1. With labels modelled as points extended 7 Å from the Cα through the Cβ direction, what inter-label distance (nm, one decimal) is found for ILE48 paired with ALA420?
2. Quick one: which of LYS144/LYS184; LYS333/LYS355; LYS355/LYS392; LYS335/LYS405; LYS83/LYS394 span more than 22 angstrom between C-alpha atoms?
3. For LYS159 and LYS359 in one chain, what is 0.36 nm times their gap in residues minus the Cα-Cα distance, to one decimal in nm?
4. How many percent of DSSP beta bridges within the range 45-312 run antiparallel, rounded to 5?
5. Can you tell me what share of the DSSP beta bridges in the chain is antiparallel? A percent to the nearest 5 is fine.
6. Could you work out [θ]222 nm for the chain from helices alone, using -39500 (n - 2.57) per DSSP H run of at least four and dividing by all its residues? Round to the nearest 500 deg cm²/dmol.
7. For the range 289-338, report the convex hull volume of the alpha-carbon atoms normalised per residue, in Å³, without decimals.
8. Measure off, as a whole percent, the carbon and sulfur share of the 1.4 Å-probe accessible area of the chain, all protein chains present.
Amino acid sequence: PSCKVFFAKDPLKIVRAQGQYMFDEKGEKYLDCINNVAHVGHSHPYVIKAATKQMELLNTNSRFLHDNLVQYAQRLTATLPEKLSVCYFVNSGSEANDLALRLARQYHGHQDVITLENAYHGHVTSLIDISPYKFNQLGKDSKKEFVHVAPSPDIYRGKYREDHPDPASAYAEEVKKIIEETQKNGRKIAAFIAESMQSCGGQVIPPVGYFQKVAEYVRAAGGVFIADEVQVGFGRVGKHFWAFQLQGEDFVPDIVTMGKPIGNGHPMSCVVTTREIAESFGASGLEYFNTFGGNPVSCAIGLAVLEVIEEEDLQGNATRVGNYLLELLAEQKEKHPLVGDIRGVGLFVGVDLVKDQQKRTPATAEALHLIYKLKEHQILLSADGPHRNILKFKPPMCFTMEDAKHVVETIDALLTEMEAATGMKTDNNASTNAQCKTKMTEGSSQPEGANEGIGHMNGAACRQENGLYSKERSGPSKGIRT
């Protein structure tokens, strides 16, 4: 019972997939807007060929030397800032983040970790401990004493919003306060860990400059900055290969973790860090070994994925299709009172559904209802965030303009039906939204729309109030989680 599936009320049995499409046992085709695992597309022939070729030759314990390991490490570190030069290959995002914590704690012998509200970093015990998204479900006493939770840098729903003159500094000061309080209590910070963009936390894009300031405070306290790129790395943001690069060229994490897209569905992940941190880890006298991490087949697959990203210009595709998707969704925000905020960059996009645009009341039941209705139209999308009201777009990178248009047109029709059924008013909504959008742009601290590849089109205080969604039509009650 603790093992969940998508669409628990009416689960899908998927038997094959190709590109951005999945097929059930009846041969029905579904457009996949969920799978950031199949990064370059399901069953990509080049990746399959690389895997098959290497399997025919050798797959073995990683304690033997093999060229694939070195060649892949070279190709991977070439995408990162120069000081991030040492790779530890493992098998999952959870393994990567667990090892990152070990590295951080060994570095200066500190133990405490600062994490973000609604964060999720993996399923092993050490990561449940630092994942409020998970441990909050266990009750108010579930947080460990060595864990400190900073506010999520969410400028739509968070403590400091889009009307704040400098939300990046304000959110960073919250981390500084935590450090100071921790030190007063005789504890020491080992690490600050954050997804470069929060996924399960609600598709949250931190304001530019936030990571730089946090890193300054954390390093001054003897800690390190861990950037979790498991969901958002490998060109998903389009204009950069890594999502942490959205913060600017002057920001370099101390440790980067990656998983999911690294092997296009093959179980593979990696921790990349500095030589200084790696040497400190080695000086402990405790050797590190992983039976399968960096095995010849995994590295052959990893190399193939990097080659496909480059050869098929999937970063460029993420920018072009992502911008188009944001533009189409922005039009829906003008039309539909259920749409509170559109935010995203590249092919990482969130739609915040609300019952009331002025109060930003989460539309949880409506989001779930919409997810199931989309499934009936053979579109696979998920809802997440602390209120389960955020539609999450993170499709394979081969997603097309036509796919984006089809999804948004379907969402448009379904929202129209839902609003008509519940009596939500749309009169003058477009003009009101347009006025607010103008005001937001003038006072915003973050780029708006598709100009910079980042959209954050949110409802302001001038939004008109709308009716609430009726409980009788709230749809299935079970949550859909990724």
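1. Modelled inter-label distance: 4.3 nm.
2. Table pairs above 22 Å Cα-Cα are LYS83/LYS394.
3. Values: separation 200, 0.36 × 200 = 72.00 nm, distance 1.41 nm.
Separation in residues times 0.36 nm, less the Cα-Cα distance, equals 70.6 nm.
4. 40
5. Of all bridge pairs located within the chain, approximately 70 percent are antiparallel.
6. -11500 deg cm²/dmol
7. Working: hull volume 6.0 nm³, N = 50.
Residue-normalised Cα hull volume stands at 119 Å³.
8. Solvent-exposed carbon and sulfur of the chain make up 50 percent of the total.
The values are calculated or read from the model by the stated rules, or taken from the named source; none is laboratory data. Computed from a predicted model, the values in this text were never measured in an experiment. FYI the Cβ positions are ideal-geometry reconstructions off the backbone, even for glycines, and counts take in every protein chain you see. Heads up: the accessible areas ignore ligands, DNA and RNA and are worked out on the full protein's heavy atoms, side chains in. Shrake-Rupley method; radii C 1.70, N 1.55, O 1.52, S 1.80 Å.
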